[in-house]
Amino acid sequence: MSGHTTSAARKKAANAKWTASGARRLRIGIGIALVMLMLLTGRLFLVQGIDPEGFAQAAVDNRLRTQTIEPVRGSILDDQGRTLASTIVRFDLAADQRHVPESYRRKNQETNQTETITKDQAVSEIAQILGRDVTEIKDIVVGKDGEKKKGYSLLAKGVSADVKNAILNVKLPGLGATAKSERHYPSGSVAGPILGFTNVDGSGVAGIEQSQNSALAGTPGERSYEVGADGVRIPMATNKEVPAKDGQSVKLTINQDIQWAAQEAVMAKQQQFNAQWVSAIVMEVKTGKIRAIADSHSVDPQNPGATDAEFRSSASVTQALEPGSTGKVATYATAIETGVMDPEEALSVPNKVTLNKETINDSLPHATYDMTAAGVFARSYNTGTVMIGDRVPAETRYDYMRKLGIGDALDIGLPGANKGIFLPPAQWDRRQNYTTMFGQGYSLTPLNTASIFQTIGNSGVQIKPQLIESYVDPDGEEHPVEQPEQTRIYSDDTSAKMRRMMETVVTDGTSTKMQIDGYRVGGKSGTGQAAGATGKYDGHTSSFGGMVPIEDPQYMVLVTMYRPQGYWRDWSVGDTFNTVMSATLNHYNVAPDTTQPDPYKVFIGENQKYPW
């Protein structure tokens, strides 16, 4: 009996202990619940009462996605508005297999009724548009049986806008398109070194593409939208868009037809004499506008890697060389301008002359001739040239050469313009005082030489060469560039006498091969020495710059051939000049001359035929 009582007491005590423990757990649970309720209430108060907009915006920001809208790069145009470089927008098409439904609703464009389209029907339509196998398209769009669905499955790469629109008009959910820009050069290598090219990111890295990149590139836009937890865009949610501003087009002064003709001509000349390079510049004399800059090694902007780096830019702008006798133009024009020489004055011109202990020879031995100053220029005798040039103080001659732009880089919008080397007289050695009179002892680019000829052709007024005509907005509004700087260097009288001397060069001097039927041509040839990597002369440059019609020049052409191979007396760029100038005259319908040539006499007296 006592044992039973003791057991009951123990059970009662145990029950009381568990009851007390349960009560404590209950109180703890209620306490935790109250704390959580207080936290929730506080949070709710904070969200709804203190900063409802901020927390709502944070939620939106968490769902917000932003895309950059790329602008379309502007085109590069010739003087007639023809496209030399443009951007073609292509599209990559892809499917998100996770969101392709078994069927969907689509409005029939013919009946205007909404109809149900199965995924198999949609796949069949897509395959027909792309001209591909239905099974292949289904595997891409829907996914292969048993495999995990892909978020990005490439359907087609680089399709046109028409194909892209046709595919998206199928209206199959899960299909999307991404725009990609491709730079296109429809004329291939024509004007390649001028145009330049772009890198994989679409930025210009050479030529006009580089120098005018900021205008061509445009300004990117931005698109923002909300997505759900599955990454799919939420319809009717936040959707903001700042449109991109497409780039401007750059209109050049280059004429595509003349550029092509000049390029073909210099390529043929380079091959004829296996020269390192040949270039041709065509310039409008009255305006300074460049109608062509042709290079024998013309880079294809679509494949620049196929051309050696040194030929990816125009040699006429980047290569400085000793001009040779074309440099005599500055010497004779300055002598006339300063009043120390008259074209018809008489000089006794030997084959060799010594001045200030420096002996100057002509390229070929000849008898001592009684010549006019114009005749010395026409036959390009160095001896007579230094006799005339020595009348002008070195500082004065230097100043005129600097006014002509020698020693300056001509910025026409092409990177890498070379300023050449032209030291002041204080740094000339004794011989350099004379060699600078006939185009040696300094260097300049072919473009600088062309600018000097333009000055003589334009009655002594130099106009800075112009390559860029205008900028054209995407809506077609054109913004012409400012008129180029003009500087009078020589008088009209000096220039007229120089042009007549240049005509004498073509009628009775070194350049009779440069005559063009029906037109009066004037110009100056040049053969200069070319320095190698060690500084020693180991090659030559042959060139000719000419203007037509010489009595009132409209166009100037300069052809430069660098390091031709073979015998120097065989070198000639006369046919190249004729081809390029004739193409220019024909294109611009320049009327033939109605007057006869009016050259100076070469020799004193009646006899004008003496051996070279």
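Of Ser511, Ser495, Ser470, Ser459, all but one fail to be modelled with pLDDT of 95 or more, surrounded by fewer than 19 Cβ atoms within 10 Å (Cβ to Cβ) and not acidic (Asp, Glu); the exception is Ser470.
Taking the stretch 149-164, which residues are hydrophobic (A, V, I, L, M, F, W, C), open to solvent by 40 Å² or more (accessible area, probe 1.4 Å) and part of a strand (DSSP E or B)? Scanning the stretch 149-164 gives a single hit, Leu154. Restricting attention to the stretch 131-171, the residues that are touching a Ser or Thr at 6+ places or on another chain (Cβ under 8 Å) and free of Cβ contacts under 8 Å to residues at least 12 places away in the same chain add up to 1.
Among the residues in the stretch 106-119, are any at pLDDT below 95 and within 27 Å of Asp473 (Cα to Cα)? Within the stretch 106-119 (the criterion being at pLDDT below 95 and within 27 Å of Asp473 (Cα to Cα)), the answer is no, since none of the residues qualifies.
Pairs meeting the criteria (first residue in the stretch 293-307 and β-branched (Val, Ile, Thr), second residue open to solvent by 60 Å² or more (accessible area, probe 1.4 Å), beta carbons under 6 Å, at least 6 apart or on different chains) are Val299/Arg312. Trp571 passes every criterion in (1) aromatic (Phe, Trp, Tyr); (2) buried (at least 17 other Cβ atoms within 10 Å of the Cβ); (3) at pLDDT 95 or above apart from (3). Taking (1) open to solvent by 10 Å² or more (accessible area, probe 1.4 Å); (2) within 18 Å of Tyr381 (Cβ to Cβ); (3) in contact (Cβ under 8 Å) with a residue 40 or more places away in the chain; (4) of a type in the set (S, T, N, Q) in turn, Gln554 satisfies each apart from (2). Residues that are open to solvent by 50 Å² or more (accessible area, probe 1.4 Å), in contact (Cβ under 8 Å) with a residue 40 or more places away in the chain and hydroxyl-bearing (Ser, Thr, Tyr) within the stretch 514-551 comprise just one, Thr527. Scanning the stretch 275-289 for residues that are assigned to a strand (DSSP E or B), surrounded by fewer than 23 Cβ atoms within 10 Å (Cβ to Cβ) and in contact with a Phe, Trp or Tyr (Cβ under 7 Å, 6 or more places away or on another chain) yields a single hit, Trp277.
Counting only residues that are more than 17 Å from Thr560 (Cβ to Cβ) and either surrounded by fewer than 24 Cβ atoms within 10 Å (Cβ to Cβ) or acidic (Asp, Glu) (or both), the stretch 290-308 holds 8 of them.
Rundown of residues vs (1) assigned to a loop (DSSP other than H, G, I, E, B); (2) modelled with pLDDT under 90; (3) surrounded by 18 or more Cβ atoms within 10 Å (Cβ to Cβ); (4) of a type in the set (Ser, Thr, Tyr), yes/no style:
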position: Ile140; (1), (2), (3), (4): no, no, yes, no
position: Ala166; (1), (2), (3), (4): no, no, no, no
position: Lys171; (1), (2), (3), (4): yes, no, no, no
position: Val190; (1), (2), (3), (4): yes, no, yes, no
position: Ile194; (1), (2), (3), (4): no, no, yes, no
position: Glu209; (1), (2), (3), (4): no, no, yes, no
position: Ser224; (1), (2), (3), (4): no, yes, no, yes
position: Ala237; (1), (2), (3), (4): yes, yes, no, no
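Ala166 meets each of the listed conditions (1) under 25 Å from Lys245 (Cβ atoms); (2) over 27 Å from the mean Cα position of the chain (by Cα) apart from (1). Taking Tyr588 as the residue in question, decide whether it is open to solvent by 40 Å² or more (accessible area, probe 1.4 Å), of a type outside the set (Lys, Arg) and at pLDDT 95 or above. So Tyr588 fits the description; yes.
Looking across the stretch 290-309, the residues that are outside any loop (DSSP other than H, G, I, E, B) and out of contact with any strand residue (DSSP E or B) (no Cβ under 8 Å at 6 or more places or on another chain) come down to Pro304, Gly305, Ala306, Ala309.
Residue count for the stretch 466-488 under the criterion of being in a strand (DSSP E or B) and either within 14 Å of Leu252 (Cα to Cα) or touching a helix residue (DSSP H, G or I) at 6+ places or on another chain (Cβ under 6 Å) (or both): the result is 9.
Tell me, yes or no, whether the stretch 479-492 has at least one residue that is in contact (Cβ under 8 Å) with a residue 24 or more places away in the chain, hydrophobic (A, V, I, L, M, F, W, C) and within 18 Å of Val557 (Cβ to Cβ). No.
Asp308 - would you say it is closer than 26 Å to Lys536 by Cβ and of a type in the set (D, E, K, R)?
Values: closer than 26 Å to Lys536 by Cβ: yes; of a type in the set (D, E, K, R): yes.
Yes; evaluated as a whole, the condition is true for this residue.
The values are calculated or read from the model by the stated rules, or taken from the named source; none is laboratory data. This structure is a prediction, so every number in the text was calculated from the model and none was measured. Don't worry about glycine lacking a Cβ; one is built from the backbone with ideal geometry, like all the others, and counts go over all protein chains shown. When the accessible area is computed, the model is the full protein with side chains, heavy atoms only, and any ligands, DNA or RNA have been set aside. Shrake-Rupley method; radii C 1.70, N 1.55, O 1.52, S 1.80 Å.
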